[in-house]
Every structure is written in structure tokens, then in C-alpha cells.
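This report refers to the structure that appears directly beneath it.
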Amino acid sequence: MGSGRKMWTAALLATAVLVNTSACGSGSASGEVKLRFSYWGSGARQKMTQEAIKKFEAQNPNIDIEEEFSDFGSYYEKLATKVAGEQTPDVITLEIRGLREYADRGTLADLSSTVDTADLDGKVLATGAIDGKQYAIPTGVNAWSLVVDPKAVRDAGQSLPDDTRWTWEEWVGLAAKITARSGGKVYGTQQAFNPAFLQIFAAQRGETLYKGNKIGVSPNTLKAWWAIHQKLIRTKGSPDAAKSLELAAQSEDRSLFATGTGAMGMWWSNQLGSISKASGGRQVDLLRMPKVPGAAAGGMFLQPAMFYTAAAKSEHPAEAAKFIDFMINDPGAGSIILSDRGLPASSKVLAAVRDKLPESDKKTLAFLDKIKGELTDSPAAPPKRASAIEAILTRYTNEVLFGRMTPDQAAQKLITEANALIAG
């Protein structure tokens, strides 16, 4: 989620040569416990996190939380440097794509018996477990979804689809009609190339993105996925290849929604509020992803927005676990953080803050409640070095969309390269 993919990849590759590391939490001269807490985000996230930290420190006067905050683009590079220098923070925020990398190298503690997880969805909690050990606790959840501007669809003389049964062909056709009816002023959709999209598409075809330490997606599924992108461009349902790839690398505030020139797109569900804000406050809604005809499952899933983890060699493991427990389970902390780290993973906290959520988050919550029974199991942590797969997928997608490789060539090369990377 976010930018800085190159730095993130470089940081993870750097950890490949690291030895097991230790944390640097320490006691102060007055006997207080100092815990170092690393996380990334915006200024708004930092402000609300600081407020939650003050609340925790007031309840635990013997514990002092020292922030190690940065923007997302530099976060993982800085974290890798700290780990390499045996300066691992006591509490570390991670995404699912980096979890196995750090867990397998002995950086993370097993939190199985130290953090209360009774109010967390078991399937979501399982995403933070590796080989029977609970290395990570999810902060909140979201789902990769289709976002639509209902007014833009109606203005183009079209109707919103029945998203319980629509197909990819129907989505592409709707996008093309919207572009045509608007005279090219509004594109039917902005394209997306996120691995989550491919993961959902593959699940509809009975495949998984990963199968152990190998890519689980077949060449035929990759080719079919690229064919959707190609047809959107060919029918002008989306901008051309160059513009589509440029847009996909940018945040919501530079999307087609932000310029009033797009009717649909794909994002994580917890981005609905920022998309609405970027569009000038227009109404935007969430829809189920289209399906492959005859698919047994829609393939949508809940994914933790991020995790809290603790250093395996922290000098203060009990206090680190206590802070994570507070951030996950305390309704007071939840009332401050709200949905900033995804809709709260704790059902108790979610119930406590439900009425305080912004309208866009209430809409997201209602959508997730509606589709809950249709969701597939949340995917487990991907293989080590899987974070680099997004860059590989983007590179070969570029080759296909610009006509420099045939889909057959690109599919074979992608699978070969990706398998070599994650098996190493």
C-alpha cells in the first residue's frame, strides 16, 4: 500500500545477508522502560498515533514509547539498516509481504500467548502466523474492491451493474460505453495492476498466486488477465497503455477520480474515504469484483492493512506485547485511530468505534459485512522475497501492453524469473 516499491524491494533484499538480530529497548536512568516503536505514514497518522501513545503511557507510567516514524518510501530501507546494525526496534510495523522475510531470520518474537486475540477473526489472525507461531497481530482489515462513481455512470446513460453476477466482459463493455457516451471526456475505468487483482482473478479460475515457494498462477491465467487490460485499451474503456501504467503508479489524489475523468477503478476498500476526498467529495461506492463465467468463488478476501510485531531479542518483551495489546484491543486507542490502519481487527473495538467512523468508513464496513459470507480465506504470508514480485509483474505487463513481448513469451519468462527469486 503506497509508493516506494523500489526502496522496499532493495530493503528486503538487503535483509537476505543479515544475521539474527537484537533489539535496543533499554531502561532509563530512572528505571523506566523505554520501547522503540517503528511505523510509517502521513502527518495525520503520526498525530493520532502520538495521541494513542500518550494514552498508553498515562496508563503505564513506567513505560516510555519512543517513536521511530518515517514516510512509507523510506521506511523499509531504514528498518533494514537498523536490523543489520542490531538496533531492531522493540515493536515493528510490517506489511504481509515482508512478514516471512523477517520472521524466518529470527527477527520477530512469537506473540501467541502474550497478546489477547480473542476478539480477532481467526482467519485474519492466521495471516500473521508462520509455522505455528503468531509473529504478527493484524491492526485492521480491508479488501481489494471495485470503486464506482454512480453519477458518472448515470451521466453516460448507463446503469449500475448487478455486482453479484457481472462478468469481466460486462465490466469491459460498460467501461467502453461510458467512455464513448461521454465523448472521451470521462473514461469508463482506470486500470489496476496490483497483485491483489491477479490473486482474485486467479482464484476465480481455481488457482492461487503462490503455491508454496512457487508461483501458483498458470501461463493461461496470466494471459487471460493481460487480455482484460488489452481489451480495455483497445475499446477505449481506459486510457492508453502509457497513461494507464502511469496512473497505476500514483496515489488516489492523482487518479482519474481526482480529475473527474473516471467512472470506475480498483483500490483497497479502506481507501474509499481518500478517493472520495480526492474527487471533491463526490459519492463513490464499492462493488464486488467481476467474475469469470461459472466461477465457483468470487475470490475476494480480507487482508490485514498492516501488522504489529515485536523484536525477538527485545530487552522488554512483556512491555512490547502489552503495547501491542493496547493498540489492538483498547477501545480508547481505537477511538483515536479509528480506521487509519484498516477497519479495526478487534470486533470489540470495532463495535465501540462504529458510530464514530466517517461516513465513507461506515459505507466500507457495510460493504464488507454484506460480502462477508462470500469471501475466501485470507491468504497466508507469501514466500520470502515475494515483495519483488510486484515489480516483476509490472515489468512484464509493460512488455505485453506496449507490444514488446507476446503474452505467451511474457507469461513464461515471468513465471521462470519469479520462481527463481522466491525459491532462492
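The values are calculated or read from the model by the stated rules, or taken from the named source; none is laboratory data. Quantities reported herein were computed from a predicted structural model and do not represent experimental measurements. Here the Cβ is made from the backbone with ideal geometry for all residues, glycine too, and neighbour counts use every protein chain on show.
Looking only at strands (runs of 3 or more DSSP E) that lie completely in segment 71-149, which have at least 2 residues being touching a Phe, Trp or Tyr at 6+ places or on another chain (Cβ under 7 Å) and either touching a residue at least 40 places away in the same chain (Cβ under 8 Å) or of a type outside the set (S, T, Y) (or both)?
Per the criteria, 91-94, 144-148.
Taking segment 173-195 only, how many residues are surrounded by fewer than 23 Cβ atoms within 10 Å (Cβ to Cβ) and farther than 22 Å from A278 by Cα?
Number of matching residues: 7.
Of the numbered conditions (1) of a type in the set (V, I, T); (2) more than 18 Å from the chain's Cα centre (by Cα); (3) buried (at least 16 other Cβ atoms within 10 Å of the Cβ), I92 satisfies every one except a single condition; which is it?
Tallying (1) of a type in the set (V, I, T); (2) more than 18 Å from the chain's Cα centre (by Cα); (3) buried (at least 16 other Cβ atoms within 10 Å of the Cβ), I92 fails exactly one: (2).
Against the condition surrounded by 17 or more Cβ atoms within 10 Å (Cβ to Cβ) and under 22 Å from A380 (Cα atoms), how does A263 come out, does it pass?
Details: surrounded by 17 or more Cβ atoms within 10 Å (Cβ to Cβ): yes; under 22 Å from A380 (Cα atoms): no.
So A263 fails the test.
For D369, indicate whether it is among the acidic types (D, E), without any contact (Cβ under 8 Å) to a residue 40 or more places away in the chain and surrounded by fewer than 18 Cβ atoms within 10 Å (Cβ to Cβ).
Against the criterion (among the acidic types (D, E), without any contact (Cβ under 8 Å) to a residue 40 or more places away in the chain and surrounded by fewer than 18 Cβ atoms within 10 Å (Cβ to Cβ)), D369 qualifies.
Which members of segment 299-322 meet the condition of being buried (at least 24 other Cβ atoms within 10 Å of the Cβ) and aromatic (F, W, Y)?
Of everything in segment 299-322, those that are buried (at least 24 other Cβ atoms within 10 Å of the Cβ) and aromatic (F, W, Y) turn out to be F307, Y308.
Would you confirm whether or not segment 354-363 contains a residue that is in contact with a strand residue (DSSP E or B) (Cβ under 6 Å, 6 or more places away or on another chain) and either aliphatic (A, V, I, L, M) or not assigned by TED's automatic domain parsing to the domain that holds K133 (or both)? Give the steps one after another, and end with the answer.
Keep residues of segment 354-363 that are in contact with a strand residue (DSSP E or B) (Cβ under 6 Å, 6 or more places away or on another chain), which gives none.
No, segment 354-363 contains no residue that is in contact with a strand residue (DSSP E or B) (Cβ under 6 Å, 6 or more places away or on another chain) and either aliphatic (A, V, I, L, M) or not assigned by TED's automatic domain parsing to the domain that holds K133 (or both).
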